[in-house]
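All of the numbers you see were taken from the coordinates with simple rules; none came from a lab. Given the structure is predicted, the values throughout are model-derived calculations rather than measurements. A quick note on method: Cβ atoms are made from the backbone with ideal geometry, for glycine too, and the neighbour counts reach across all protein chains shown.
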């Protein structure tokens, strides 16, 4: 495992005689269950909080964003059609896989955000617990936000929540793991599929999380992870006619306004940025923002 | 058969029950006043082109005054105990019931829809809607929006002309129950019932400024939606205007709900109860002259019963009575405006030009007013404009399918997602299709049913947010 310290030493050119040179990881995008480089061939330098080089992350392009939407759309039928129990188990499986790589993620979060080891560990643990929390919601949210309606006539009438579709998620720029999980889990637990744009300055926990997702029985394409310039990737997503919703958590005020305007073109559901405390209990809001209510009527009669 | 032998005698509802003043002002801060610039516009009866009244035309200055009044009223109104707000709404519901016949006749005059519909559908639903939300006002902590849900502030509400008073009720009732105050802009062609509602607010003793009504056109609506001191925008109307509003609201803190257009598929399987299905098809597209966002404007009929269904449908359409909306026997009334009639006419012509076969029952249309005969197009392909665009008129496009999968694929092949219908006796098929159809309301073996407890609203480009039921409260409360 490569700790930030090991990375720093490996780039300093002062490896002591006899010491083992660590194996660096090539960070890649996660699209349709595969790990491609950016089709553009571009990368950008990711540093730790002190400015030390950590990795070259893919600088995803407009084309990568479109490919990710295609993958997310393709995965939507199967994932939204899976049973809630099944989705819940898969989200729980993500927590299990993350727990097993807890040390790695704590190190990545510490490096990315300049946190102490203890604080980074706490963030990682909270992120794992958040997957568990949302896993449990999969087969409960419909009972909480849906239900029968007592209409004034001889009709059976039932309202149930359904996933909105393909959701573009701009992950928070800070809280590179906990913030990311806090916006991603509520989108997919209800059956949406996601195209996630990782934090621009701290994308490595997101790109590593993709490896966890890939080994958690989550079908390919349900979550797609892009790294790069947030606004550059978000623009084509906000304007994309086959994206149904966008979470602007990771956008600044100015670009959020621009992206919301572009999203109006096909009336995407928009969750505006702001006011998020990732340590608080999340509530239903991030799930219901990406749910539609369907109401079915049928006559009652012999 | 001698048709004359069985002809109906005219049975007009009396106009004497409603007293329309020659002119109306804006309703701002509890009183009627002239528009600041003194402009007025005429509202017509679409069935006769008779001028019913002159109405003040609201502009920016009037919107400013109305928003100021609503802002001033917001503090005390939202601070009232919920039980007191509830009683105001119960009063309004009761007064609407008392004045129901008057309002039904008024609505029929101003809108052109048959008295049978305003009397039996619009008005009962209006009263029921206020009665339903009245009961929520002191129970909001149970609504699933947190233990102490707070109102948003001033709600800007823009409503259409197809169900003028009902759309007002859908907007105003939940807004007031949750403690918001309202500035409402009724549609340009149907302002009267909203102005009568202002009088009902007066009779109910509603505090001044809680409800303000500013008639006008699209420019008035744009000024209202764009006003910097409104906290909430609720719009029902076309998808094109809805997108414009979404762009206006982008980058602000205003909350937005949109209830927009549709191109609903009514799917008839070979095992359906065909007589009932035909009634449902007729109600689905000819109710309110087809000027319904959730109309079943695309009939998807299984190939094996295509001829049988179409024969029965044509027989049934030949018995529809088109004419004087105030006649109690009228089934299909007038189109709401010359502009809407032109749009329907243009799209029907496009249907013919693109190769679909047009059919209408023989019917005599009145010489004055805006009329369009019930029309069925067969041989429609998914690429035809009449299969893709919302016509908002009494025009049905018939397509066929062979398998349930094909029916679902065709039904979902639209940017809209408001309503859908399924006709089959097979329960498991109903439930599977209901799951697969991307639409906010699915009517199985029925169509065009509404109820205040039942959430209504669209998927995709039919808008977002729900009106009706517990869900309808969420649009007017801070999210916990």
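If you take all C-alpha pairs in region A:109-229, what percent of them are over 24 Å apart? Taking all Cα-Cα pairs of region A:109-229, the fraction more than 24 Å apart is 35 percent. Counting, for every residue in B:18-29, the Cβ atoms of other protein chains within 10 Å of its Cβ and taking the mean gives 0. Relative contact order of region B:288-379, taken over Cα pairs closer than 8 Å and 6 or more residues apart, is 26 percent. Computed packing ranks the peptides A:184-190, B:302-308 as A:184-190, B:302-308, most packed first, by mean other Cβ atoms within 10 Å. Sorted largest first, the spans of the alpha carbon positions of region B:265-444 along the three principal axes are 49, 30, 28 Å.
Across peptide A:282-292, the mean count of Cβ atoms from other chains lying within 10 Å of each residue's own Cβ comes to 3. Relative contact order of chain A, taken over Cα pairs closer than 8 Å and 6 or more residues apart, is 22 percent. Relative to the 2.2 N^0.38 Å rule of thumb, the protein assembly as shown has a C-alpha radius of gyration ratio of 1.03.
Dividing the summed helix terms, -39500 (n - 2.57) for each DSSP H run of n ≥ 4, by the number of residues in the protein assembly as shown produces a 222 nm estimate of -12000 deg cm²/dmol to the nearest 500.
Could you work out how far helix B:82-98 tilts from the main Cα principal axis of chain B, as a 0 to 90 degree angle to the nearest 10? Once rounded, the angle reads 50 degrees.
Two numbers describe the Cα atoms of region B:200-297: Rg and Dmax, which are 19.3, 57 Å.
If the Kirkwood radius is taken over C-alpha pairs of region A:182-299, then at 4 °C and 1.567 mPa s the Stokes-Einstein diffusion coefficient equals 84 µm²/s.
Region A:158-182 and region A:183-217 have Cα centres lying 9 Å from one another. Ranked by the mean number of other Cβ atoms within 10 Å of their residues, highest first, the peptides B:100-112, A:237-249, A:144-156, B:393-405 come out as B:100-112, A:237-249, B:393-405, A:144-156.
Legend: P(r) of region B:394-480 from all alpha carbon pair distances, 5 Å bins from 0, whole percents, reading 3, 13, 19, 24, 18, 12, 6, 3, 1, 0. Taking a cut-off of 19 Å, what percent of all Cα-Cα pairs in region B:1-53 are separated by more than that? For region B:1-53, the fraction of Cα-Cα distances above 19 Å is 54 percent.
Taking 0.36 nm per residue of separation and subtracting the current Cα-Cα distance, fully stretching the chain between residue B:339 and residue B:36 would add 106.3 nm.
A simple spin-label model places pseudo-atoms 7 Å from Cα toward Cβ; at residue B:83 and residue A:252 they are separated by 5.2 nm.
Here the scattering of region B:75-181 is modelled by Debye summation over its C-alpha atoms, one equal scatterer each and no solvent; at q = 0.12 Å⁻¹ the log10 of I(q)/I(0) is -0.43. Note on chain A: Rg/Rh from Cα positions, Kirkwood definition for Rh, rounded to two decimals, is 1.02. The Cα atoms of chain B define a convex hull whose projected area, averaged across directions, is 22.2 nm². Shielding of peptide B:295-303 by partners, expressed as the average count of other chain Cβ atoms within 10 Å per residue Cβ, is 0.
What is chain B's relative contact order, in percent, from Cα pairs under 8 angstrom and six or more apart in sequence? Relative contact order, chain B: 18 percent. For the protein assembly as shown, DSSP calls about 40 percent of its internal beta bridges antiparallel. Highest-first packing order for the peptide set A:69-80, B:35-46, B:249-260 is B:249-260, A:69-80, B:35-46, based on the mean count of other beta carbon atoms within 10 Å.
Cα centroid separation, region B:199-231 to region B:374-409: 39 Å. Summary of the geometry: region A:15-61 and region A:86-154, compared by the centres of their Cα atoms, lie 26 Å apart. Translational diffusion coefficient of region A:50-89 (Stokes-Einstein, Kirkwood radius from Cα pairs, 25 °C, 0.890 mPa s): 186 µm²/s.
Our analysis of region B:433-480 gives Rg over Rh at 1.01, with the two radii drawn from alpha carbon positions and Rh computed by the Kirkwood formula.
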